[in-house]
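Working notes, structure below.
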There are 2 protein chains.
Amino acid sequence: MNLDNYISLYRNSLLEDVIPFWMKNSIDEEYGGYFTCLDTVGNVYDTDKFVWLQCRQVWTFSMLYNRVEKKQEWLDIAIKGAAFLTKNGRDKEGNWYFSLNQQGKPLVQPYNIFSDCFAAMAYGQLYKATGNKAYGEIAVATFHNILKRSSDPKGIYSKAFPGTRNLQGFSLPMILSNLVLEIEHLLDPVIVDDTIKQAIHLVMNVFYQEDLNLILENVHMDGSFSDTFEGRTINPGHGLEALWFIMDLAVRDNDVTLINKAVSIALQIVEYGWDKAHGGIFYFLDQQNKPPQQLEWDQKLWWVHAEAIVCMLKGYALTGNPACWKWFEQLHDYTWRHFPDTANGEWFGYLNREGRVLLPLKGGKWKGCFHVPRTLYQGWKTLEDIKMKKESTVLQK
Amino acid sequence: MNLDNYISLYRNSLLEDVIPFWMKNSIDEEYGGYFTCLDTVGNVYDTDKFVWLQCRQVWTFSMLYNRVEKKQEWLDIAIKGAAFLTKNGRDKEGNWYFSLNQQGKPLVQPYNIFSDCFAAMAYGQLYKATGNKAYGEIAVATFHNILKRSSDPKGIYSKAFPGTRNLQGFSLPMILSNLVLEIEHLLDPVIVDDTIKQAIHLVMNVFYQEDLNLILENVHMDGSFSDTFEGRTINPGHGLEALWFIMDLAVRDNDVTLINKAVSIALQIVEYGWDKAHGGIFYFLDQQNKPPQQLEWDQKLWWVHAEAIVCMLKGYALTGNPACWKWFEQLHDYTWRHFPDTANGEWFGYLNREGRVLLPLKGGKWKGCFHVPRTLYQGWKTLEDIKMKKESTVLQK
């Protein structure tokens, strides 16, 4: 497939398939907010509202409005989702609940800081789209609350007994490395710089372990390896997603060394995570090849493949490394053969190891309007970037 | 296969394969307690100690000592496990931790009341075996603590926002219906009767829903159906395990009506849960055929099949219903073709939908020395019972 065909595919899938699917099926006209539990054809099969998925959809529609086209209907969808979230999403301390019922009443407490991370992203983009200060204030207050909670993100909901085995997790530094650029326009530049430095340090020097040449999900507080279920866990999709966030930060700082290091680690992770028997990237692996705790370890998830595609495309656009292009083509091929549902639109989310659909859904508790459209947007734009560079012969094969 | 062959298989697997496997591989001579994370050949791949699995192994070895043979080495194993647990297992309020590290330091808080349930069972059996009052006191104190916590088993670790959707869960009444007989010898008879009545009522009238002819995992506080992920969840193995507990309670009370009702529901559940395409019983199903939340929904787990076998054997022994025997043979055939590892001993725990081994382990965070030996013991004894009844022609084909 040539570059123009790739560009058309990513662009058209975004604008003619995926976004229309969510516009048609996910809007709750009765209570506000979005349905994310959509079956194969787009019917709502459950009405619970998972706050991080609500936030992610606000982000997606605001982002498209900001970066693709000033379509009023996109902005209206984002504003309506934010209205529901502003009214129902937080407890008295400003922490974002994990989930709400259809009417907006809290179901699950703010035990998980990822609701807050995606709330900050959503309100940051919506502020950009509207200039409405109220959105900006929510984004900033939420961001500071995240920083405040970052040393103990689960707080009273943590089940770990303090002191016996204190581990630090990869998720928060990873998300912060993306979030900080998302809401840079709202933050004190000193805080932006500190957060970026800290995020790069954690991803590249702490969770990335040079001797293993892999990114770990959990390490001791001093950064050393923990030979435990948590410590041995590798989530290749997480690592690849984090590395394209790092590439974005490196571009901002013009840091070629950091770009090259990120690309080199990404190539190692995708090779490590690839299922040589059936294709696709595993969900979880144990660094020592011991049995992982996660029963779903061998499944092939949409977001893992979507983020891997973005990572390889950015790596190629930034370095011209042909290994990145080769992996992009291999990932693209697997992904487009397995995930998109050409009959009913959008992508399936969960395949078994052999690549057969495991759950006949387009959205659920963990899949919403986010990874697929973001990947299609990022893929489209990065492919255009690659084409432009090729035409100006900066990139040599 | 004739009855004698079945009897030999269950007995010999228990005494010559499974119990020796755990005796050889699971004893931590250095710190006490047991290793449960054992790989295919029995090597320890992780040293964390999950309290409910520790308790279950104490129970298994005490039970064998009480019911099969007064082997000192079995009793010694149980006593050593209990010593580790007595020293390290509880917080100041007497709640049992979820997990400990190898040395016995608490890792995960007592967020889960199942540690306590299996502690009460373990110390109850060990008291029976030794007559040591200290064990009896721990069993009784733990049992009363369970009753005290039963209306809010997760306590401060619950993530549910109070009031929006209060559901009651099936696990605790199900376990209580077994636990109460296990430690009957230690309890006030009034409490025993009350607990049995309440457990039977909850299993047979509340979680069993007549219109669906199925047992649900979660219902509203008033017993009505909740059309939510939690409310729609069916766990066929759970239902079948609970129903043989109910059969045991019915035998104690000579309640033929209850026996027949339990058998009839069990036959419905096993039919419902059976995978018509690949054989075996699904782990989770959605009552309305919507996508379940559990990514592992289609996997075939050892304990589900083990408990289903016991349920069908007891059903047959008690009623002579040929449908029970037919299902026993079908379950036996699937189970013995897929789970036992004839090369290295014991059973694999986790198969994918097609019946291939998903995790090359004999034990882990959730699988220990419990369901397999209990099933082999219960199978052996129930098959002997069936043989005896056949010989005395009480059971007519």
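The values are calculated or read from the model by the stated rules, or taken from the named source; none is laboratory data. Treat the numbers as computed from the prediction; the structure is a model and nothing was measured. Note that each Cβ is placed from the backbone with ideal geometry, even for glycine, and that neighbours are counted across all protein chains shown.
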Worksheet item: Do we have A:Lys133 as under 18 Å from A:Phe370 (Cβ atoms), basic (Lys, Arg) and either touching a Leu at 6+ places or on another chain (Cβ under 8 Å) or away from every other protein chain (no Cβ under 14 Å) (or both) here?
Response: no
Discussion item. Test of understanding: among B:Gln125, B:Gln198, which residue is over 19 Å from B:Phe61 (Cα atoms) and modelled with pLDDT of 95 or more?
Written reply: B:Gln198
Fill in: Filter result for A:Tyr65 (touching a Lys or Arg at 6+ places or on another chain (Cβ under 8 Å), touching a residue at least 24 places away in the same chain (Cβ under 8 Å), in a helix (DSSP H, G or I) and buried (at least 22 other Cβ atoms within 10 Å of the Cβ))
yes
Response to the item:
Checked A:Val263, A:Val304 against criteria (touching a Gly at 6+ places or on another chain (Cβ under 6 Å), within 14 Å of chain B (Cβ to nearest Cβ) and among the β-branched types (Val, Ile, Thr)); the one match is A:Val304
Worksheet entry | Subset of segment A:103-114 (residues that are more than 12 Å from chain B (Cβ to nearest Cβ) and either among the aliphatic types (A, V, I, L, M) or crowded, with 22+ Cβ neighbours inside 10 Å (or both)) | A:Ile113
Worksheet item: If you go through segment A:150-171 one residue at a time, do you hit one that is within 27 Å of A:Gly280 (Cβ to Cβ), more than 14 Å from chain B (Cβ to nearest Cβ), surrounded by fewer than 20 Cβ atoms within 10 Å (Cβ to Cβ) and of a type outside the set (S, T, N, Q)?
Response: yes
Fill in: Which listed residue, of A:Leu75, A:Leu53, A:Leu100, is modelled with pLDDT of 95 or more, within 12 Å of chain B (Cβ to nearest Cβ) and either under 28 Å from A:Ser13 (Cβ atoms) or more than 21 Å from the chain's Cα centre (by Cα) (or both)
A:Leu100
Fill in: Filtered residue count, segment B:32-45, keeping only those that are more than 28 Å from B:Leu179 (Cβ to Cβ) and touching a residue at least 40 places away in the same chain (Cβ under 8 Å)
5
Worksheet item: Scanning for something surrounded by fewer than 16 Cβ atoms within 10 Å (Cβ to Cβ), away from chain B (no Cβ under 14 Å) and of a type outside the set (A, V, I, L, M), does segment A:277-299 turn up at least one residue?
Response: no
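So that you can scan it fast, the table gives a plain yes or no per residue for (1) at pLDDT 95 or above; (2) farther than 16 Å from B:Ile215 by Cα; (3) touching a Gly at 6+ places or on another chain (Cβ under 8 Å):
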{"site": "B:Asn254", "(1), (2), (3)": "yes, yes, no"}
{"site": "B:Gln268", "(1), (2), (3)": "yes, no, no"}
{"site": "B:Gln294", "(1), (2), (3)": "yes, yes, no"}
{"site": "B:Gln299", "(1), (2), (3)": "yes, yes, no"}
{"site": "B:Ala308", "(1), (2), (3)": "yes, no, yes"}
Discussion item. Please return the ranges of helices (runs of 4 or more DSSP H) entirely within segment B:173-291 where 3 or more residues are over 21 Å from the mean Cα position of the chain (by Cα).
Written reply: B:189-201, B:229-232, B:256-273
Worksheet item: Restricting attention to segment A:23-45, does a residue exist that is within 14 Å of chain B (Cβ to nearest Cβ), surrounded by fewer than 24 Cβ atoms within 10 Å (Cβ to Cβ) and among the acidic types (Asp, Glu)?
Response: yes
Worksheet item: On the given criteria, is B:Trp366 within 14 Å of chain A (Cβ to nearest Cβ), assigned to a helix (DSSP H, G or I) and either within 30 Å of B:Thr47 (Cβ to Cβ) or not aromatic (Phe, Trp, Tyr) (or both)?
Response: no
Discussion item. I'd like to know if segment A:18-29 contains one or more residues that are assigned to a strand (DSSP E or B) and either out of contact with any His (no Cβ under 7 Å at 6 or more places or on another chain) or at pLDDT below 95 (or both).
Written reply: yes
Item to complete: Please enumerate the residues belonging to segment B:78-97 that are crowded, with 22+ Cβ neighbours inside 10 Å, among the hydrophobic types (A, V, I, L, M, F, W, C) and in contact with a Ser or Thr (Cβ under 9 Å, 6 or more places away or on another chain).
Response: B:Ala78, B:Ala82, B:Trp96
Worksheet item: Would a scan of segment A:374-391 turn up a residue that is away from chain B (no Cβ under 14 Å), closer than 13 Å to A:Val18 by Cα and surrounded by fewer than 22 Cβ atoms within 10 Å (Cβ to Cβ)?
Response: yes
Discussion item. Residues that are away from chain A (no Cβ under 14 Å), buried (at least 22 other Cβ atoms within 10 Å of the Cβ), assigned to a loop (DSSP other than H, G, I, E, B) and free of Cβ contacts under 8 Å to residues at least 40 places away in the same chain: does segment B:335-355 have at least one?
Written reply: yes
Worksheet item: For B:Ala122, which of the numbered conditions (1) crowded, with 24+ Cβ neighbours inside 10 Å; (2) over 20 Å from B:Leu186 (Cα atoms) fails to hold?
Response: (2)
Discussion item. Against the definition (of a type in the set (A, V, I, L, M), part of a helix (DSSP H, G or I), out of contact with any strand residue (DSSP E or B) (no Cβ under 7 Å at 6 or more places or on another chain) and buried (at least 24 other Cβ atoms within 10 Å of the Cβ)), how does A:Leu331 come out, yes or no?
Written reply: yes
Worksheet item: Out of all the residues in segment A:153-172, which are polar (S, T, N, Q) and assigned to a loop (DSSP other than H, G, I, E, B)?
Response: A:Ser158, A:Thr164, A:Asn166
